[in-house]
Amino acid sequence: MPFEVRDATAADASSVADLFYSTVLNVNVGDYSVAQVEAWAGPEPATEMWEKRITEDSSTRRMFVATIDDVVVGFAEMEVNGHVDTRYVHPEYQGCGSASRLLARIEAEARRLGLRRLYTEASITAEPFFRARGFSMVRPQTVEVRGYSFRNFVMDKVDL
C-alpha cells in the first residue's frame with residue numbers, strides 16, 4: 001500500500017484520538033479484557049490530549065503519522081531519549097505495513113539524533129511486532145491505568 005509517513009501536526013489530533021480509541025477497543029481486546037481496554041481507551045476520544053502531545057511536547061517527543069490519501073491510518077511517537085511511547089494502527093489497516101514504516105522512520109530519527117538504543121513498553125498485542133523487528137525482551141511488567149492492571153513488556157533494540 002502507498003503509505004506516506006510524515007510528522008504529525010495539530011490538524012491530525014482528532015484523527016489520532018479516534019484511531020487510538022478505536023484500535024484499543026477493537027484490536028487490543030484480543031489480549032486484554034473488555035474492562036481493561038475500556039479503561040485504557042478512556043470514556044471517549046481525547047482530541048485535546050493528543051493535540052497537546054503533538055504540539056506542546058515537540059521538544060521532547062516526535063509523533064509521526066502514516067497516511068493513505070491524506071487519511072491517518074497509524075501513528076507512533078518517539079521521545080528524544082529513544083523511548084518509543086506509542087504505535088497504533090487503525091483496525092482496518094493491521095498487517096498492511098504502516099507500523100513497519102512508522103518504526104523505520106523512528107529508527108532513522110534515532111540515528112539522526114545519535115541514539116544507539118530504542119526501548120518501549122510493548123502490550124501483549126504489540127510484543128510480537130517488536131520482537132520480529134529486532135527488539136529484545138528486557139522484562140515483563142505490570143502497569144496500572146485507571147484502576148486496572150495490565151501486563152506488558154519492556155523491550156529494547158540496541159546498535160541501531
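The values are calculated or read from the model by the stated rules, or taken from the named source; none is laboratory data. These numbers were taken from a predicted model, which means no experiment stands behind them. Backbone-built Cβ (ideal geometry, glycine too); neighbour counts: all protein chains shown. Note: areas computed on protein heavy atoms with side chains; ligands, DNA, RNA excluded. Shrake-Rupley method; radii C 1.70, N 1.55, O 1.52, S 1.80 Å.
Search segment 85-103 for residues being of a type in the set (A, V, I, L, M, F, W, C) and touching a residue at least 40 places away in the same chain (Cβ under 8 Å), and hand back the single one that is farthest from THR9 (Cα to Cα).
In the first step, residues of segment 85-103 are kept if they are of a type in the set (A, V, I, L, M, F, W, C); the result is 89, 96, 99, 102-103.
Going one step further and asking which of them are touching a residue at least 40 places away in the same chain (Cβ under 8 Å), we end up with 89, 96, 102.
Values: VAL89: 17, CYS96: 23, LEU102: 15 Å.
Among residues in segment 85-103 that are of a type in the set (A, V, I, L, M, F, W, C) and touching a residue at least 40 places away in the same chain (Cβ under 8 Å), the one farthest from THR9 (Cα to Cα) is CYS96.
Return the residue satisfying two criteria in turn: it lies in segment 95-122 and is within 19 Å of ALA17 (Cβ to Cβ) and not hydroxyl-bearing (Ser, Thr, Tyr), and of such residues it is surrounded by the most Cβ atoms within 10 Å (Cβ to Cβ). Outline the logic, then answer.
Restricting attention to segment 95-122, the residues satisfying the condition of being within 19 Å of ALA17 (Cβ to Cβ) are 98-99, 102.
If we keep only those that are not hydroxyl-bearing (Ser, Thr, Tyr) as well, we get 99, 102.
Values: ALA99: 24, LEU102: 27.
Filtering segment 95-122 for residues that are within 19 Å of ALA17 (Cβ to Cβ) and not hydroxyl-bearing (Ser, Thr, Tyr), the one surrounded by the most Cβ atoms within 10 Å (Cβ to Cβ) comes out as LEU102.
Could you tell me whether any residue of segment 74-82 is crowded, with 19+ Cβ neighbours inside 10 Å, of a type in the set (Asp, Glu), over 12 Å from the mean Cα position of the chain (by Cα) and within 28 Å of TYR148 (Cα to Cα)? Explain how you work it out, then say what you get.
Narrowing segment 74-82 to residues crowded, with 19+ Cβ neighbours inside 10 Å: 74-78, 82.
After this cut, where a residue has to be of a type in the set (Asp, Glu) as well, the list is 77.
Narrowing the set further to residues that are over 12 Å from the mean Cα position of the chain (by Cα) leaves none.
No: segment 74-82 contains no residue that is crowded, with 19+ Cβ neighbours inside 10 Å, of a type in the set (Asp, Glu), over 12 Å from the mean Cα position of the chain (by Cα) and within 28 Å of TYR148 (Cα to Cα).
Can you tell me how many residues within segment 119-159 are under 13 Å from the mean Cα position of the chain (by Cα) and without any contact (Cβ under 8 Å) to a residue 60 or more places away in the chain?
Residues flagged as under 13 Å from the mean Cα position of the chain (by Cα) and without any contact (Cβ under 8 Å) to a residue 60 or more places away in the chain within segment 119-159 amount to 8.
For the structure I just gave you, tell me whether MET137 is open to solvent by 50 Å² or more (accessible area, probe 1.4 Å), aliphatic (A, V, I, L, M) and not in a loop (DSSP other than H, G, I, E, B).
yes
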